[in-house]
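The values are calculated or read from the model by the stated rules, or taken from the named source; none is laboratory data. Every value quoted in this text rests on a predicted model; they were computed, and no experiment measured them. Cβ atoms come from the backbone with ideal geometry, glycine included; neighbour counts cover every protein chain shown.
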Amino acid sequence: MKNNIDWVSVGKRIVSLRAINNMSREDLASKIGSSVSTVFRIESGLPPTSQYLILIASAFKVSVEYLTGFSDDPHSGIKNEAELVDIKKKKVPLFEVEVSAGNGIFPDAFYIHEYIDAPVGTDYAFKVAGDSMLPILDAGDVVFVKANPEPAVGRMVVALFDGMIVVKWLIKNNGGYLLQPENTLYSPFYPAEGIRFEILGTVESVLKQMPIKKMKNYSKGG
């Protein structure tokens, strides 16, 4: 069963509320303690975290129930917002993500494959393809991600890099960062001037794909 919140409509409602309140994306980002790019992604239809959802509703002095389209009354259910958000966060959107070095999926290809059950505290799920994170991640695994644009060094992250979506280790490098694959057959990605580099979040848990053993054909004997 899919999550019944239309996040694209939520994004449009936030844009409308900003216009009504004469508020720029920069203003809203400041009020909720996030980046302008995060606000843009939310307005484009990517589900926000529970905390951001509450903060956005508070910034416009409306209820989460109204913001998510479950009521046309801006003040309906304000006293029960925390409980409402918990109910609606049982599932997260699952996106496709390519992890092979040099073969990532472009951000324009972002689409919600389905909504799936997720561990508490995670915001998105990405299906892994490729083998640059072997043996930790296999093709077909699902990584659950917590939205966090500034994760600690040494964490596994999902990031935008030069038009690709990748999952790699975040490593400190000469005052900056590099994205390190686990598979030694692949080279690190080095963010540099002119290359778009943005961390989407940290990998909090992994749902492993069940392996299938390739069996020999015994019908012919031997």
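Of all the residues that make up region 37-62, how many are touching an Asp or Glu at 6+ places or on another chain (Cβ under 6 Å) and without any contact (Cβ under 8 Å) to a residue 24 or more places away in the chain?
Qualifying residue count, region 37-62: 0.
Would you confirm, using the coordinates I've provided, whether LYS79 is charged (D, E, K, R), at pLDDT below 50 and loosely packed, with under 12 Cβ neighbours inside 10 Å? Walk me through how you get there before you give the answer.
Details: charged (D, E, K, R): yes; at pLDDT below 50: yes; loosely packed, with under 12 Cβ neighbours inside 10 Å: yes.
Criteria met by LYS79.
Being within 15 Å of the chain's Cα centre (by Cα) and acidic (Asp, Glu) is the filter here, so list the residues in region 176-209 that pass it.
GLU198, GLU204
Being farther than 25 Å from SER37 by Cα and modelled with pLDDT of 80 or more narrows it down to one of ALA129, ALA147, so name that one. Please lay out each step first, then the result.
Numbers: ALA147 fails: farther than 25 Å from SER37 by Cα.
Of the residues listed, the single one that is farther than 25 Å from SER37 by Cα and modelled with pLDDT of 80 or more is ALA129.
Please name all residue pairs, on different chains or six or more residues apart, with Cβ atoms under 7 Å, provided the first residue is in region 22-35 and is closer than 16 Å to ASN148 by Cα and the second residue is assigned to a loop (DSSP other than H, G, I, E, B).
ALA29/SER35; SER35/PRO149
Kindly indicate the residue of region 149-193 that is in contact (Cβ under 8 Å) with a residue 60 or more places away in the chain and among the hydroxyl-bearing types (Ser, Thr, Tyr) and also surrounded by the fewest Cβ atoms within 10 Å (Cβ to Cβ) among those meeting that condition. Step through it out loud before you land on a result.
Going through region 149-193, the residues in contact (Cβ under 8 Å) with a residue 60 or more places away in the chain turn out to be 149, 158, 164-168, 181, 186-187, 189.
From what is left, the residues that are among the hydroxyl-bearing types (Ser, Thr, Tyr) are 186-187.
Details: TYR186: 19, SER187: 12.
The selected residue is SER187.
Looking at VAL99, VAL120, can you tell me which residue is surrounded by fewer than 18 Cβ atoms within 10 Å (Cβ to Cβ), at pLDDT below 80, under 19 Å from LEU207 (Cα atoms) and more than 13 Å from the chain's Cα centre (by Cα)? Walk me through it before giving the result.
Values: VAL99 fails: surrounded by fewer than 18 Cβ atoms within 10 Å (Cβ to Cβ).
Exactly one of VAL99, VAL120 is surrounded by fewer than 18 Cβ atoms within 10 Å (Cβ to Cβ), at pLDDT below 80, under 19 Å from LEU207 (Cα atoms) and more than 13 Å from the chain's Cα centre (by Cα), namely VAL120.
So is LEU170 modelled with pLDDT of 90 or more, under 27 Å from ALA118 (Cα atoms) and not in a loop (DSSP other than H, G, I, E, B) or not?
On the way: modelled with pLDDT of 90 or more: yes; under 27 Å from ALA118 (Cα atoms): yes; not in a loop (DSSP other than H, G, I, E, B): yes.
So LEU170 fits the description; yes.
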